[in-house]
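The values are calculated or read from the model by the stated rules, or taken from the named source; none is laboratory data. Not measured: the values here are computed from a predicted model. We place every Cβ from the backbone using ideal geometry, glycine too, and count neighbours over all the protein chains shown.
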Amino acid sequence: MSRKVLISGGTGLIGTRLAEMLIDAGYEVALLSREAHVERFRRFHWDPRHDDIDEHAIPYADYVINLAGASVSDGKWTEERKKEIIDSRTQGTNLLARTLARGNHHVQTFLSASAIGLYGDQGSDVVDENTLPDPDDFLADVARQWELAAQRVQALGIRTVIVRIGIVLSADGGALPVIAKPTKLGAGAPLGSGKQYMSWIHIDDLCRLFIQAMEEKEWRGVYNGVAPHPVTNREFTETLAEVLHRPLVLPKVPAFGLKLLMGEMSEIVLASQRVSADKVLQHGYRFEYPHLQEALEEIYEPEE
């Protein structure tokens with residue numbers, strides 16, 4: 001049985017780990033990339049900005065996993081940067097949808113990333129997959145446009161799964177090394193009120209969730225990719241300090257200071273998102289790291 005997976009955004013944080021885990025599970029993996037050389041993997045060229053994709057890429061695949069998108073946390077959100085963040089998601093997804101629409105392929109399943117940013121700032125309210133997007137929030141708009149593009153594949157009759165990803169915990173990149181840096185230096189502090197909820201997921205749990213959603217045909221539509229126990233920013237900071245064996249010495253970092261420093265991008269750390277994992281649990285997904293402490297210990301204890 002042919003088991004070939006094509007990944008866009010496969011050189012990013014999630015894609016790199018997911019490709020490794022797919023290979024360990026016996027899949028063949030190829031990456032869509034603008035780079036001329038990709039280590040260890042078969043590569044097909046694409047450049048969504050110029051509507052360009054290798055004609056052999058889609059016919060290669062049984063499954064397509066779409067992760068491509070510029071980081072939301074690199075640099076201030078100028079108007080130009082905001083356009084790049086949206087375009088990097090929608091252009092690639094639309095290109096995949098148009099290519100799939102031409103036929104001449106045997107793609108069974110299309111999985112696409114989205115983000116819990118879709119919900120905007122929801123305070124302490126628990127949100128699930130039926131919660132509507134925040135109409136006035138930039139990150140919500142990014143996720144909404146990304147999902148609309150993915151739904152074009154669904155409209156072709158291809159089983160489509162959209163995963164709204166929370167804060168991904170990994171030592172290799174993403175938010176955690178940035179959040180952990182002050183704590184490692186003994187200067188950790190809650191951000192803003194410290195009461196805002198953070199919905200997180202260990203990178204290995206997220207990758208396993210993608211693989212299960214890919215393999216099991218009853219998965220279709222939208223799912224939250226978050227662990228079942230979100231925590232407040234204060235709890236997150238305290239748990240991180242405990243795992244790193246560092247004191248928490250500073251008072252809270254005030255919200256206005258973060259806004260001065262980060263501009264609109266402070267939304268990433270100040271927005272409160274208490275996101276439900278019930279739907280993936282009902283689909284039989286079992287988290288290896290359902291609680292924050294065990295997730296952080298897995299990441300940091302090997303350093304001890």
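Tell me the residue from 104, 66 that is under 28 Å from residue 26 (Cα atoms) and in contact with a Gly (Cβ under 9 Å, 6 or more places away or on another chain), please.
Values: 104 fails: in contact with a Gly (Cβ under 9 Å, 6 or more places away or on another chain).
Of 104, 66, the one residue that is under 28 Å from residue 26 (Cα atoms) and in contact with a Gly (Cβ under 9 Å, 6 or more places away or on another chain) is 66.
Restricting attention to the range 54-87, which residues are of a type in the set (Lys, Arg) and either touching an Asp or Glu at 6+ places or on another chain (Cβ under 9 Å) or in a loop (DSSP other than H, G, I, E, B) (or both)? Lay out the reasoning, then the answer.
Of all residues in the range 54-87, those of a type in the set (Lys, Arg) come to 76, 81-83.
Passing the criteria: 76, 81, 82.
Here is a yes/no grid of residues against (1) under 17 Å from the mean Cα position of the chain (by Cα); (2) crowded, with 17+ Cβ neighbours inside 10 Å; (3) more than 19 Å from residue 287 (Cβ to Cβ); (4) not hydrophobic (A, V, I, L, M, F, W, C):
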| position | (1), (2), (3), (4) |
| --- | --- |
| 132 | no, no, yes, no |
| 139 | yes, yes, yes, no |
| 165 | yes, yes, no, no |
| 169 | yes, yes, no, no |
| 189 | no, yes, yes, no |
| 200 | yes, yes, no, no |
Would you confirm whether any residue within the range 155-162 is buried (at least 22 other Cβ atoms within 10 Å of the Cβ) and among the polar types (S, T, N, Q)? yes
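I need the full set of residues from the range 12-53 which are in a loop (DSSP other than H, G, I, E, B), farther than 24 Å from residue 72 by Cα and among the acidic types (Asp, Glu), in order please. Working first, answer last.
So the first thing to find is which residues in the range 12-53 are in a loop (DSSP other than H, G, I, E, B), and the list is 12, 25-27, 34-41, 51.
Among the residues that remain, those that are also farther than 24 Å from residue 72 by Cα are: 25-27, 36-37, 39-41.
Matches in the range 12-53: 39 only.
For the range 175-286, give me every one of the helices (runs of 4 or more DSSP H) that falls completely inside it and has 3 or more residues that are among the β-branched types (Val, Ile, Thr) and in contact with a strand residue (DSSP E or B) (Cβ under 9 Å, 6 or more places away or on another chain). Give the steps one after another, and end with the answer.
Values: elements: 175-184, 203-215, 233-243, 255-262, 267-270, 278-282.
Helices (runs of 4 or more DSSP H) meeting the threshold: none at all.
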Please enumerate the residues belonging to the range 257-281 that are at pLDDT 75 or above and over 21 Å from the mean Cα position of the chain (by Cα). 259, 263
Go through the range 153-171 and count every residue that is among the small types (Gly, Ala, Ser), out of contact with any strand residue (DSSP E or B) (no Cβ under 7 Å at 6 or more places or on another chain) and in contact (Cβ under 8 Å) with a residue 24 or more places away in the chain. 2
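Among the residues of the range 201-249, write down those that are of a type in the set (Phe, Trp, Tyr), modelled with pLDDT of 95 or more and touching a Leu at 6+ places or on another chain (Cβ under 7 Å). First the steps, then the outcome.
Within the range 201-249, the first condition is being of a type in the set (Phe, Trp, Tyr), and the residues that meet it are 210, 219, 223, 236.
So of that shortlist, the ones also modelled with pLDDT of 95 or more come out as 210, 219, 223.
Residue satisfying the conditions is 210 alone.
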Among the residues in the range 88-96, are any farther than 19 Å from residue 225 by Cα and in contact with a Gly (Cβ under 7 Å, 6 or more places away or on another chain)? yes
Taking the criterion of being modelled with pLDDT of 90 or more and touching a Pro at 6+ places or on another chain (Cβ under 6 Å), would at least one residue in the range 143-150 satisfy it? yes
